[in-house]
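Novice: Before I ask anything, here is the structure I am working with.
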């Protein structure tokens with residue numbers, strides 16, 4: 001993902017605690033930005049100078065909020081000074097209703113940064129952040145937003161040309177070597193005919209056409225492959241909508257040599273043919 005215009009810009013992410021600043025910074029990371037949370041405001045001038053000189057800090061997102069305490073009051077003046085110096089920056093203020101913020105703190109059981117009862121802390125925080133909200137370039141109310149919807153809103157703000165792309169991986173593995181720790185969807189294909197028990201195929205893998213023909217010879221194999229493709233292809237838009245940036249589909253058989261390798265390869269080819277970018281790995285093929 002890249003912004004439509006490759007300009008050097010600093011984004012200030014601020015707002016009410018519990019409105020989604022941490023999630024917004026994670027979105028910026030997924031978009032290829034260098035992200036720093038809670039950079040001391042006193043260092044903002046120096047950091048802006050650093051980005052101007054650096055070849056690697058062209059897209060930067062900084063999280064700043066009530067944790068800065070009394071120093072937060074200096075932020076509007078510093079931002080005005082940066083603009084007069086020609087530093088291109090944009091402030092995004094994340095907000096949410098009091099009821100939603102209180103509910104989110106209740107669900108996560110996190111302590112509010114001000115250390116008071118959440119309802120009292122939110123009111124105090126709103127008063128302190130009013131000057132920053134008034135100068136913000138964009139205010140986003142996340143009260144009724146999912147993470148996916150927030151990510152879409154931010155991608156529109158940044159002018160991303162590929163906002164709906166997700167990194168998709170497919171991995172074959174052997175159950176005898178353990179489940180992959182990063183798997184989101186696991187497909188167990190141990191019910192398929194096992195080439196291991198065919199002497200002429202035992203030392204080959206699921207990448208070999210002879211092994212593939214053997215597995216495909218069973219009618220249930222074709223029905224299974226068609227069903228899996230329809231399921232995965234149909235689910236992808238929903239994962240993207242929820243803001244998932246990475247998805248790993250793991251396909252397992254006993255040893256990770258034959259059936260899982262073949263199914264992973266077949267599914268990867270079908271997805272690529274439908275226009276989806278996917279990376280393919282075979283974890284245990286050489287065990």
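The values are calculated or read from the model by the stated rules, or taken from the named source; none is laboratory data. Model, not experiment: these values are computed from the prediction. Cβ coordinates were reconstructed from backbone atoms using ideal geometry, including for glycine residues, and neighbour counts include every protein chain displayed.
Novice: Test residue 99 against the stated conditions and say whether it is more than 24 Å from the chain's Cα centre (by Cα) and either closer than 24 Å to residue 151 by Cβ or free of Cβ contacts under 8 Å to residues at least 40 places away in the same chain (or both).
Specialist: When the stated conditions are applied, residue 99 passes them.
Novice: What tally of residues in segment 50-85 results from selecting those that are part of a loop (DSSP other than H, G, I, E, B) and in contact with a strand residue (DSSP E or B) (Cβ under 6 Å, 6 or more places away or on another chain)?
Specialist: Result for segment 50-85: 3.
Novice: Quick check, is residue 59 modelled with pLDDT under 85, in the same structural domain as residue 132 (by TED's automatic domain parsing) and at negative phi?
Specialist: yes
Novice: Got at least one residue in segment 236-259 being at positive phi, in contact (Cβ under 8 Å) with a residue 60 or more places away in the chain, under 31 Å from the mean Cα position of the chain (by Cα) and not in a helix (DSSP H, G or I)?
Specialist: yes
Novice: Using beta carbons and a limit of 7 Å, which pairs, at least six apart or on different chains, have the first residue in segment 131-146 and in a loop (DSSP other than H, G, I, E, B) and the second one surrounded by fewer than 15 Cβ atoms within 10 Å (Cβ to Cβ)?
Specialist: 146/242
Novice: Against the definition (surrounded by fewer than 20 Cβ atoms within 10 Å (Cβ to Cβ), modelled with pLDDT of 95 or more and closer than 30 Å to residue 146 by Cβ), how does residue 186 come out, yes or no?
Specialist: In short, yes.
Novice: Condition first: part of a helix (DSSP H, G or I) and exposed (fewer than 15 other Cβ atoms within 10 Å of the Cβ). Now tell me which residues in segment 260-277 satisfy that.
Specialist: Those that are part of a helix (DSSP H, G or I) and exposed (fewer than 15 other Cβ atoms within 10 Å of the Cβ): 269, 272, 273.
Novice: Does any residue of segment 95-104 turn out to be touching a strand residue (DSSP E or B) at 6+ places or on another chain (Cβ under 8 Å), surrounded by 14 or more Cβ atoms within 10 Å (Cβ to Cβ), within 19 Å of residue 28 (Cα to Cα) and at pLDDT 85 or above?
Specialist: Among the residues of segment 95-104, at least one is touching a strand residue (DSSP E or B) at 6+ places or on another chain (Cβ under 8 Å), surrounded by 14 or more Cβ atoms within 10 Å (Cβ to Cβ), within 19 Å of residue 28 (Cα to Cα) and at pLDDT 85 or above, which makes the answer yes.
Novice: Additional query: Can you tell which of 36, 92, 41 is over 14 Å from residue 20 (Cα atoms), surrounded by 12 or more Cβ atoms within 10 Å (Cβ to Cβ) and at pLDDT 85 or above?
Specialist: 36
Novice: Of all residues in segment 65-79 being free of Cβ contacts under 8 Å to residues at least 24 places away in the same chain and over 31 Å from the mean Cα position of the chain (by Cα), which is surrounded by the most Cβ atoms within 10 Å (Cβ to Cβ)?
Specialist: 77
Novice: For segment 31-49, which positions are in a helix (DSSP H, G or I) and either under 19 Å from residue 142 (Cα atoms) or in contact with a strand residue (DSSP E or B) (Cβ under 7 Å, 6 or more places away or on another chain) (or both)?
Specialist: Within segment 31-49, 48 is the sole residue that qualifies.
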